[in-house]
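A quick write-up on the structure given underneath.
The values are calculated or read from the model by the stated rules, or taken from the named source; none is laboratory data. Keep in mind it's a predicted model, so treat the numbers as computed, not measured. Methodologically, a virtual Cβ is constructed for each residue, glycine included, from the backbone with ideal geometry; neighbour enumeration extends over all protein chains shown.
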Amino acid sequence: MDALRHVTLAAGIALAPIDSGGAEPSGQAALADERAVIRIADAIDRAVDAQDWKLTRGYFADTVVADFSSLSGQPAATIPSDDLIGAWSANLKGSKTSLHLRTNHQVVLEANAATVLSNGYAWNRMEGNGDPLWEVWGTYEHHLTRSAAGWKVDGFTFRMTHERGNPWVKTTPGQ
């Protein structure tokens, strides 16, 4: 079984696309770190969509640099992660549902820090005022640091490239 795992790892490394934009992670530990930070970025989406705020909060450091300026017009700010999760939970609750998807992850590892870049799509659905859907496309950037508790997100940016649908769904909290 050990031999099969090593052959599989070697094949994965050999077949992995080469990113000419920077140094590639090397070794099993770097690949494990890369997978771990991608898993966290994806898990945040699943936890938000499930409205599991305790789980969502567990992926974040105590403070986070949050930048949703392309959606809100407000500048990036360093805030307590509890405030970020509190804002999400106040908006996405009850009658308002969401679906977040991300793909094309690119990871940059630097010692005890990582950045995950990805393309994203999200929709919010809520009945009550015309078209029940609002959709958004854009890019995500998660910055993570390694702590005694594992990798934690301490920076979160969403850059909107396109949106469509009912803005009422975007701005009205669920009931």
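Mind listing just one residue for me: the one in the range 40-76 that is β-branched (Val, Ile, Thr) and farther than 24 Å from residue 171 by Cβ and, of those, farthest from the chain's Cα centre (by Cα)? Let's see the steps before the verdict.
At the first step, the residues of the range 40-76 found to be β-branched (Val, Ile, Thr) are 40, 44, 48, 56, 63-65.
Subset that is farther than 24 Å from residue 171 by Cβ: 40, 63.
On the way: 40: 7, 63: 16 Å.
Looking at residues that are β-branched (Val, Ile, Thr) and farther than 24 Å from residue 171 by Cβ, I get 63.
Kindly indicate whether residue 146 is closer than 13 Å to residue 44 by Cβ, among the charged types (D, E, K, R) and within 18 Å of the chain's Cα centre (by Cα).
Details: closer than 13 Å to residue 44 by Cβ: no; among the charged types (D, E, K, R): yes; within 18 Å of the chain's Cα centre (by Cα): yes.
Criteria not met by residue 146.
Do we have residue 78 as closer than 21 Å to residue 163 by Cα, at pLDDT 95 or above, among the β-branched types (Val, Ile, Thr) and touching a strand residue (DSSP E or B) at 6+ places or on another chain (Cβ under 8 Å) here? Steps first, answer last, please.
Details: closer than 21 Å to residue 163 by Cα: no; at pLDDT 95 or above: yes; among the β-branched types (Val, Ile, Thr): yes; touching a strand residue (DSSP E or B) at 6+ places or on another chain (Cβ under 8 Å): yes.
Judged against the criteria, residue 78 is not a match.
Scan the range 42-93 for residues that are more than 19 Å from residue 124 (Cα to Cα) and crowded, with 19+ Cβ neighbours inside 10 Å and report the count.
5
Considering only the range 16-31, I want to know if a residue exists there that is touching a strand residue (DSSP E or B) at 6+ places or on another chain (Cβ under 8 Å), at pLDDT 95 or above and part of a helix (DSSP H, G or I).
No, because not a single residue in the range 16-31 is touching a strand residue (DSSP E or B) at 6+ places or on another chain (Cβ under 8 Å), at pLDDT 95 or above and part of a helix (DSSP H, G or I).
Would you mind telling me which numbered condition in (1) crowded, with 17+ Cβ neighbours inside 10 Å; (2) charged (D, E, K, R); (3) free of Cβ contacts under 8 Å to residues at least 60 places away in the same chain residue 164 fails?
(1)
Do we have any residue at all in the range 42-51 that's in a loop (DSSP other than H, G, I, E, B), in contact with a Lys or Arg (Cβ under 8 Å, 6 or more places away or on another chain) and modelled with pLDDT of 90 or more?
The initial filter retains those residues of the range 42-51 that are in a loop (DSSP other than H, G, I, E, B), namely 50-51.
Filter once more, so that each one left must be in contact with a Lys or Arg (Cβ under 8 Å, 6 or more places away or on another chain): 51.
Still in the list and also modelled with pLDDT of 90 or more: 51.
Yes - at least one qualifying residue is present in the range 42-51.
When the range 56-89 is examined, which residues are found to be acidic (Asp, Glu) and in contact (Cβ under 8 Å) with a residue 40 or more places away in the chain?
Within the range 56-89, the first condition is being acidic (Asp, Glu), and the residues that meet it are 62, 67, 82-83.
Selection gives 67 alone.
Residues that are buried (at least 16 other Cβ atoms within 10 Å of the Cβ), hydrophobic (A, V, I, L, M, F, W, C) and more than 18 Å from residue 78 (Cβ to Cβ): does the range 139-149 have at least one?
no
Any residue in the range 112-135 that is basic (Lys, Arg), farther than 30 Å from residue 29 by Cα and surrounded by 19 or more Cβ atoms within 10 Å (Cβ to Cβ)?
Within the range 112-135, the subset basic (Lys, Arg) is 125.
Going one step further and asking which of them are farther than 30 Å from residue 29 by Cα, we end up with 125.
From what is left, the residues that are surrounded by 19 or more Cβ atoms within 10 Å (Cβ to Cβ) are none.
Looking through the range 112-135, none of the residues is basic (Lys, Arg), farther than 30 Å from residue 29 by Cα and surrounded by 19 or more Cβ atoms within 10 Å (Cβ to Cβ).
Taking residue 103, is it exposed (fewer than 14 other Cβ atoms within 10 Å of the Cβ) and under 12 Å from the mean Cα position of the chain (by Cα)? Please lay out each step first, then the result.
On the way: exposed (fewer than 14 other Cβ atoms within 10 Å of the Cβ): yes; under 12 Å from the mean Cα position of the chain (by Cα): yes.
Considered against the rule, which asks whether it is exposed (fewer than 14 other Cβ atoms within 10 Å of the Cβ) and under 12 Å from the mean Cα position of the chain (by Cα), residue 103 comes out as yes.
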